[in-house]
Amino acid sequence: MELRAHVPAGALAGKWERHRAEIRLVNPANKLKHHVIVVGSGLAGASAAASLAELGYTVSCFCFQDSPRRAHSIAAQGGINAAKNYQNDGDSVFRLFYDTVKGGDFRSREANVYRLAQISAAIIDQCAAQGVPFAREYGGLLANRSFGGVQVSRTFYARGQTGQQLLLGAYQALACQIAAGKVRMYPRTELLDVVVIDGRARGIVTRNLVNGKLATHTGDAVVLATGGYANVYYLSTNAKGCNVTAIWRAHKRGAAFANPCFTQIHPTCIPVTGDHQAKLTLMSESLRNDGRIWVPQQRRDRRPPDQIPESERDYYLERLYPSFGNLAPRDIASRRAKEVCDEGRGVGPGGHGVYLDFQDAIRRLGRPVIAERYGNLFEMYQRITAEDPYLVPMRIYPAPHYTMGGLWVDYNLMTTVEGLYAIGEANFSDHGANRLGASALMQGLADGYFILPYTIGDYLAQAKLPKVDAGHVAARQTEAEVGGRTRRLLEVNGHRSVDTFHRALGRLMWDRCGMSRNAAGLKDAMQRVCVLREEFWQDVYVGGRGEDLNQSLEHAGRVADFFEFAELMCHDALEREESCGCHFREEYQTPEGEAKRDDGRFSHVAAWEFTGVGQAPVLHREPLEFEAVHLAQRSYK
């Protein structure tokens, strides 16, 4: 395996424009002859499918939800970044680029991040033209707010439901192409393998989730827009259906997996209340614009918050990071919350929580202003906790949220398997070791609307692609292997439910490879994951039949992949003997408790090659070179 990033030569600011001018094109008549498979219908997948179809390609789009509108992108709350500088507060393309590289602790590919910053402004224009109801100021101009890790206001938003509104815009574009006959939509259909013929991705094997039938779909290129893998922790802010299966099966077919240990723990989530919970709820980072985070100064102080005077409160983020205050980056805010709770100063049941207090903002701005900005988020919090955040502070605690790791891709978003692309959260390319808030929506739409439609043509214009169909020997073999795995799950007929195994794996990963890690814990986790995986295949119970609607079987297949993936995740975390961004190795920290990088040994992308289940993966390194930024210890003080 060889990692060729295909980053264009020349000055950083001109790379993307030059690349667009030099890549090969497919003429309009030939586009009609090409068939592209897009897996996933969130912001990245829907925008890619709609854009490719509008260009003239024939597109098949797959999602396991009953409608593309139910993709997990709908859950994004706070906003989307763009370097428009509407606030005249000093923002620029370079500042967005630098904030993103610095926020990722200098572990992302410089050229990809700069391209993302360049494209960001066009995304807002595109979405506004689609009718996305962005918040506006009194005079009618688009409004902005700030997010963590920056000192400007560049985040565009639609109240607390930005992801939903952006997805509706992308869905409208997709629906238009479906109606025109250029996109064929396959809802309630899950990818279970990638068909690789002569080293190129030529199709996928799917399972119809309603009737259980397996089918092979072939095409000229395959695009994976299947999101992230935070559900490896069992409890996360992700929808329950989110999984690693699509990118993991692609990895087993030859696609390198990059930086799997880079997982983001979001600092503002509703705390766990008990073992009955199956998922966690995010409270938007936008709340930190007006909410102040604090804990009691004294340990085990169980007084109600309104009885703790100001002099006995510790606004720890404002104290430790005065330049950024409550808008410190997510990785830092999460670790500090864990730190004060571990000291015994946490609030709420079990002491696993900190306060997010809006009383100062309500006194300063008035309740109507706060309700206009965050009303739906306050309502959601009150429905879940039975506490009114207008009257008492919210209680929040960090939880798994996003994954910066993903399939390795080059500058064109192609994986190490020719013809196989990964976009959005499914790839590793833009966020390094920590994603800044409001950048996920930006990346998904940049990849789908503005990057992939150019770069996929470069491949299709020069690749020799003989016609293949589901009868090809490789396609039949892949479908047979998928059928064999399905039968194997059903034939175990053990005594434990899939959910108990998933919960045990999640607890192990959270304790050993979660917010902080150490060598002893990671080695222990790798051994225990192997033991759990063997127990799973010997004692899991999956009822029902394969040729039917069977949600237990769906879950079992995804958990089986999580067991294999978890071992790689721990392996990657153990090999990276440094702390950077969300990857916090306890052995490598500054005296102040901040992440301590080792640029001499680990200024690279760790791309792993699959060698077999239970076998040690092979590490390939892509060196990270920086021309426009100076490597430095991150400081938000």
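Set the Förster distance to 60 Å, then compute FRET efficiency between residue 480 and residue 312 from the Cβ-Cβ distance, nearest 0.05. Write down the numbers at each step before the final one.
Values: r = 67 Å, r/R0 = 1.12.
According to the calculation, E is roughly 0.35.
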Check your understanding: Counting only the backbone N, which residues of the stretch 451-483 are under 13 Å from the spot 7 Å out from the Cα of residue 418 toward its beta-carbon?
Key -> 459-466
**Study point:** Pairwise Cα inverse-distance average, inverted: Kirkwood Rh of the stretch 266-399 (Å)
**Key:** 14.9 Å
Practice item. Relative to the longest principal axis of the C-alpha atoms of the chain, give the angle of the C-alpha long axis of helix 551-575, reported between 0 and 90° and rounded to the nearest 10°. Key: 70 degrees
Exercise for review: Just grab the label-to-label distance for residue 359 and residue 372, each label 7 Å out from Cα along the Cβ direction, in nm (one decimal).
Suggested key: 2.5 nm
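Work out the FRET efficiency for residue 613 and residue 130 from their Cβ-Cβ distance, taking R0 = 45 Å, and round it to the nearest 0.05.
0.55
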Revision key, fill the gap. Length gained, residue 87-residue 180, 0.36 nm per residue minus C-alpha separation, equals 29.5 nm
Check your understanding: Between residue 382 and residue 621, 0.36 nm times their residue separation minus their Cα-Cα distance comes to what?
Key -> 81.3 nm
Practice item. Give, in nm to one decimal, the length gained when the segment between residue 628 and residue 592 is fully stretched (0.36 nm per residue of separation minus the Cα-Cα distance). Key: 10.1 nm
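Tell me, what is the per residue accessible area of the stretch 266-399 in Å², probe radius 1.4 Å?
Using a 1.4 Å probe on heavy atoms only, each residue of the stretch 266-399 averages 43 Å².
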**Study point:** residue 122 paired with residue 470, simple spin-label distance in nm, labels 7 Å along Cα-to-beta-carbon
**Key:** 3.7 nm
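Pairs 31/84; 338/637; 33/84; 15/637; 31/213: which exceed 28 Å Cα-Cα?
Numbers: 31/84 34 Å; 338/637 19 Å; 33/84 38 Å; 15/637 33 Å; 31/213 31 Å.
From the list (31/84; 338/637; 33/84; 15/637; 31/213), the Cα-Cα distance tops 28 Å for 31/84; 33/84; 15/637; 31/213.
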Revision key, fill the gap. The simple spin-label model distance between residue 25 and residue 141, using points 7 Å out along Cα→Cβ, in nm, is 3.7 nm
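Within the chain, what whole-number % of the accessible surface is contributed by carbon and sulfur, with the 1.4 Å probe and all protein chains included in the calculation? Mind dumping the intermediate values first?
Numbers: 11630 of 23810 Å².
That fraction is 49 percent.
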Practice item. Can you tell me the order of 99-106, 398-405, 453-460 when each peptide is scored by its average per-residue count of other Cβ atoms within 10 angstrom, highest first? Key: 398-405, 99-106, 453-460
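For the peptides 361-367, 31-37, what is the packing order when you average, over each peptide's residues, the other Cβ atoms within 10 Å and list the highest mean first? Walk me through the numbers before you get to the answer.
Numbers: 361-367: 13.3, 31-37: 19.9.
Per-residue mean Cβ counts within 10 Å order the peptides as 31-37, 361-367.
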Point to revise | Tail fraction, Cα-Cα pairs, the stretch 473-600, threshold 26 Å, whole percent | key: 38 percent
Check your understanding: Quick one: which of 181-192, 252-263, 3-14 comes out on top by average Cβ neighbours within 10 Å, and what's the full order, highest first?
Key -> 252-263, 181-192, 3-14
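Nearest 500 deg cm²/dmol is fine: what mean residue ellipticity at 222 nm does the chain get from its DSSP H runs of n ≥ 4 alone, each adding -39,500 (n - 2.57), divided by its residue count?
Values: 18 runs with 228 residues, N = 637.
-11500 deg cm²/dmol, from helical runs alone.
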Check your understanding: Hey, got the dipole for the chain? About the Cα centre, +1 on K and R Cβ, -1 on D and E Cβ, debye to the nearest 20?
Key -> 840 debye
Revision key, fill the gap. Out of 183, 413, 401 - ranked by how far each Cα lies towards the positive end of the dipole of the chain, with unit charges on the beta-carbon of charged residues - the top one is 183
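Kindly give Rg over Rh for the chain, based on alpha-carbon atoms, with the Kirkwood expression for the hydrodynamic radius.
Numbers: Rg = 23.6 Å, Rh = 24.9 Å.
Taking Rh as the inverse mean 1/r over Cα pairs, Rg/Rh reads 0.95.
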Study note, to complete from the structure: FRET efficiency for residue 323 and residue 511 from the Cβ-Cβ distance with R0 = 56 Å, rounded to 0.05, comes out at 0.95
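Rounding to the nearest 20 debye, state how big the charge dipole of the stretch 266-399 is about its Cα centre with +1 on each Lys and Arg Cβ and -1 on each Asp and Glu Cβ.
Working: 20 positive and 19 negative charges, 21 e Å.
My answer is approximately 100 debye.
The values are calculated or read from the model by the stated rules, or taken from the named source; none is laboratory data. The shown structure was predicted, so the numbers you read here are calculated from the model rather than taken from an experiment. Quick reminder, even Gly has a Cβ in these numbers, built from the backbone with ideal geometry, and neighbours come from all protein chains shown. We work out accessible area using only protein heavy atoms, side chains counted, and drop any ligands, DNA or RNA first. Shrake-Rupley method; radii C 1.70, N 1.55, O 1.52, S 1.80 Å.
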